[in-house]
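Asks: Sharing a structure with you now.
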Amino acid sequence: NEVRLLKQRQADDYMDLDRRIGAGAGATAPSTTAARPSTPPRAATPATPATPRPAPASADYEVNHYSAAYGLLKDGKIPEATSALQRHIKDFPNGKYTANAYYWLGEIYLLENKLSPAKSAFNKIVEDYPVHRKAPDATFKLGKVLHLMGDNAAAKAMLNRAVQSGGTAGNLAEKYLSDNF
């Protein structure tokens with residue numbers, strides 16, 4: 001029964017990620033259309049993690065770097081996206097899109113059932129970016145990860161915190177609590 005529940009949760013998580021990616025980059029990627037790389041620039045730098053890095057003096061470089069990493073995720077290139085998101089965090093530890101990079105890494109790790117790295121990624125957002133727009137979602141996901149890791153007390157506390165945040169994450173956390181506790 002527990003294996004069935006874990007498989008169902010993993011499938012639900014996959015569907016959630018697929019829904020978000022399919023909904024477009026508007027909620028997670030940079031909001032300016034001009035800043036998003038089109039297909040040709042992305043094609044010019046397919047190996048984002050391996051390419052030499054120009055001096056990160058420009059905000060445009062960060063936007064392009066994050067957009068390319070997110071584009072890899074949208075294209076289903078999970079290993080490449082993972083490397084690119086990790087590189088983004090390393091290159092832009094205080095960047096505008098660093099919290100987003102942590103969030104998508106957490107999602108990838110959760111889908112791959114790598115709970116410890118998922119926990120670390122979501123926790124980084126909850127602790128270091130508490131007012132970021134991804135914080136409520138990360139709080140909910142951290143609660144799920146804690147539950148999957150067997151830490152039910154911490155999971156309940158985190159899920160209740162997500163409920164208090166309201167919005168979609170709050171609704172999902174409330175449903176998760178009622179289904180699992």
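Asks: When ligands, DNA and RNA are left out and all protein chains stay put, how many square angstrom of accessible area per residue does the range 52-156 have with a 1.4 Å probe? Before the final figure, lay out the partial values.
Replies: On the way: 4570 Å² over 105 residues.
Accessible surface, normalised per residue, equals 43 Å².
Asks: Quick one: putting +1 on the C-beta of Lys and Arg, -1 on the C-beta of Asp and Glu, what dipole do you get for the range 102-167 around its Cα centre, in Debye to the nearest 20?
Replies: Details: 9 positive and 6 negative charges, 19 e Å.
Approximately 100 debye in magnitude.
Asks: Going down the list K96/K175; K141/K175; K119/K156; K74/K134; K90/K119, which pairs span over 20 Å between their C-alpha atoms? Walk me through the intermediate numbers first.
Replies: On the way: K96/K175 31 Å; K141/K175 13 Å; K119/K156 15 Å; K74/K134 18 Å; K90/K119 18 Å.
In this structure, K96/K175 lie more than 20 Å apart at Cα.
The values are calculated or read from the model by the stated rules, or taken from the named source; none is laboratory data. Keep in mind it's a predicted model, so treat the numbers as computed, not measured. FYI the Cβ positions are ideal-geometry reconstructions off the backbone, even for glycines, and counts take in every protein chain you see. Accessible surface is based on the protein model in full, side chains and every heavy atom, while ligands, DNA and RNA are left aside. Shrake-Rupley method; radii C 1.70, N 1.55, O 1.52, S 1.80 Å.
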